[in-house]
Amino acid sequence: MTWLMPALRRIGASPNSVLALTTAIIVGAMAIRNPSILSLAQFSDLARNSLVRALMALGVMLVLIAGGLDVSFTAKAVFAMYTTISWTVGTDLPVVAILACSVAIGAGLGLVNGILVAFLRLPALIVTLATLSLFRGFLLTWVGSTFIGDMPKSVDAFGKMLLFSITDHNGFVYSLPASFALLVAAAIIVHVSVRWTVWGRKVYSLGGSEAAAGRIGIPIVSTTISVYVAARALPAGTDRF
């Protein structure tokens, strides 16, 4: 038992460890009352239903690491999604081209936030609240908001692709869409970028202290803009699939 106290100290010293331990305790308590919570069906449903939210969370996490704030991410994701689909519906464009179009739109919207925050030195909360209404209003006024029932053929085909499909003894089918692989790829890219690249070190330095980061030569403006661009390109490129 001599290892227990040092282990508890290490857990208590890390907010991430405390969060993971708390989550494990809550899930364990719920599983005791309802074992089906840990079933394959439950995990597949959670993975499918949390796909868009997880992609958005990755983008928001980048902004938070850099010490910023963005409350307009939902409007930008919807703007990029709806605009891309409305432009490409009825076409035979490959899914990669449609994905690239959505990424470009999302990055452009993130660029607007980055410029306002980095160049004009405006508070991030005020900027993103304003752009939240701005982008939503632009979408409703100029792009449209009518229901789109027919997806581009390549998007429809990709949406029907499955990573796996399992039928249990009761005849219920549990599956995971291929779009989940995009979430895994995005998470790996974000992890590698913030942990093992020079850009990631700049982002962490910026979030720790902008003044200190500037004194050691980190380009504040370009780093801030790149964070907002990357944060919005992530969910914009994959939230429809």
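Can you sort Val221, Val203 by how many other beta carbons sit within 10 Å, fewest first?
On the way: Val221 14, Val203 26.
By the 10 Å Cβ count, ascending, the order reads Val221, Val203.
Two decimals is fine: what is log10 I(q)/I(0) at q = 0.14, 0.16 Å⁻¹ for the stretch 91-187, from a Debye sum with one equal scatterer on every Cα and no solvent?
For the stretch 91-187, the Cα-only Debye profile gives -0.81, -0.94.
Given a Förster radius of 22 Å and the C-beta distance between Leu134 and Val96 as r, what FRET efficiency does 1/(1 + (r/R0)^6) yield to the nearest 0.05? Before the final figure, lay out the partial values.
Working: r = 30 Å, r/R0 = 1.35.
Efficiency, rounded to the nearest 0.05: 0.15.
Give the peptides 147-157, 65-75 in descending order of average Cβ contacts within 10 Å, highest first.
Numbers: 147-157: 13.5, 65-75: 21.3.
The packing order, highest mean first, is 65-75, 147-157.
Taking a point 7 angstrom from the Cα of Asp45 along the C-beta vector, which residues in the stretch 142-186 have backbone N less than 17 Å away?
166-177, by backbone N distance to the label point.
When the Karplus curve 6.51 cos²θ - 1.76 cosθ + 1.60 is applied with θ = phi - 60°, which whole-Hz ³J(HN,Hα) does each residue of the stretch 40-49 get, with x for Gly and Pro?
So the J values, rounded to whole Hz, are 4, 4, 5, 5, 5, 5, 5, 5, 5, 6.
Have a look at Val117, Ala97, Ser205 and report the one farthest towards the positive end of the charge dipole of the chain, computed about the Cα centre with Cβ charges (Lys/Arg +1, Asp/Glu -1).
Farthest along the dipole direction, towards plus: Ser205.
Where the centre of each part is set by its Cα atoms, how far does the stretch 93-143 sit from the stretch 177-227, in angstrom?
With the stretch 93-143 and the stretch 177-227 each reduced to a Cα centre, they are spaced 19 Å.
Starting with the fewest neighbours, write out Ile189, Ile32 ranked by other beta-carbon atoms found within 10 Å of each beta-carbon. Don't jump to the answer; show the numbers that get you there.
Details: Ile189 13, Ile32 9.
Exposure proxy ranking, most exposed first: Ile32, Ile189.
Whole-Hz ³J(HN,Hα) for each residue in the stretch 135-143, computed from phi via Karplus 6.51 cos²θ - 1.76 cosθ + 1.60 with θ = phi - 60°, x for glycine and proline: what do you get?
Running phi through 6.51 cos²θ - 1.76 cosθ + 1.60 with θ = phi - 60° gives 5, 5, x, 4, 4, 5, 7, 9, 8 Hz.
Amide H neighbours of Leu163 under 5 Å, at least 5 residues apart or on other chains, H built in the peptide plane: list them.
Long-range HN contacts for Leu163: Leu176, Ala178.
Regarding the chain, what's the average projected area of the Cα-atom convex hull, expressed in nm²?
Seen from a random direction, the Cα hull of the chain projects 17.9 nm² on average.
Assuming a viscosity of 1.567 mPa s and a temperature of 4 °C, what translational diffusion coefficient in µm² per second does Stokes-Einstein assign to the stretch 141-236, Rh being the Kirkwood radius over Cα pairs? Can you show the working numbers first?
Numbers: Rh = 17.4 Å.
It diffuses with D of about 75 µm²/s by this estimate.
Near the amide H of Val71, under 5 Å away, which other amide H atoms are found, from residues 5 or more places off or on another chain, if H is placed in the peptide plane?
Distant-sequence amide H within range of Val71: Thr128, Leu129.
Based on Cβ point charges of +1 for Lys and Arg and -1 for Asp and Glu, what charge dipole magnitude is obtained for the chain about its Cα centre, in debye rounded to the nearest 20?
Working: 16 positive and 8 negative charges, 140 e Å.
The dipole of the chain has a size of about 680 debye.
Running a GNM on the chain with Cα contacts under 10 Å, which residue among Leu38, Leu125, Leu62 ends up with the highest mean-square fluctuation?
Highest fluctuation among the options: Leu38.
Each value in this text was obtained by applying a stated rule to the coordinates, not by laboratory testing. Since this is a predicted model, take the numbers as computed values, not measurements. Every residue, glycine among them, receives a Cβ derived from its backbone with ideal geometry; neighbour counts consider all protein chains shown.
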